[in-house]
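Where a number appears in this text, it was derived from the coordinates with a stated rule and is not lab data. This is a predicted model, so every value here is computed, not measured. Cβ sites come from the backbone with ideal geometry, for glycine too, and all protein chains shown count toward neighbours.
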Amino acid sequence: MLVLTRKSNQSIMIGDDIEVSVLAIMGEKVRIGIQAPRDIPVFRKEVYLEIQQEQVAAGKSPREEVDAALRKLGGA
């Protein structure tokens, strides 16, 4: 795991297309912003794990479920 220290209004880049910014620090909470291409799914970890569990139960691969959810959101 890479561990970085950032202050409010500072960012990190993941590859060329994903920017993670620290928007605010309020006590023990950190507000972050993520800019990524629309085709890259971004979820809170607990939501991601729930999607994976539902897909395994339905016999689908996690990636298929994420792609289906993104198609619904995109109106395709």
Worksheet, complete the sentence: So for R0 = 30 Å, FRET eff. of Glu54-Asp16 from the Cβ-Cβ r, to 0.05, ends up at 0.40
Fill in: Angle between the chain longest axis and helix 45-58 axis [Cα atoms, degrees, rounded to 10]
10 degrees
Practice prompt. Determine, for the chain, the count of lysine pairs separated by eight or more sequence positions (or lying on different chains) whose alpha-carbon distance falls under 20 Å.
Written response: 4
Fill in: Rounded tilt (10° steps) of 62-74 against the dominant C-alpha axis of the chain
80 degrees
Discussion item. Given contacts defined as C-alpha pairs under 8 Å and at least six residues apart, what's the relative contact order of the chain, whole-number percent?
Written reply: 16 percent
Discussion item. With a cap of 11 neighbouring Cβ atoms within 10 Å, and only residues DSSP puts in a loop, list the trypsin sites (Lys or Arg not before Pro) found in the chain.
Written reply: Lys7, Arg38, Arg44
Discussion item. 7 Å from Cα along Cα→Cβ at both Val47 and Met1: what's the point-to-point distance in nm?
Written reply: 2.2 nm
Discussion item. If I compute Rg/Rh (Cα atoms, Kirkwood Rh) from the structure I just sent, which labelled value in [x] 1.05; [y] 1.23; [z] 1.31 lines up?
Written reply: [x]
Worksheet item: Between region 34-54 and region 3-30, what's the alpha-carbon centroid distance in Å?
Response: 18 Å
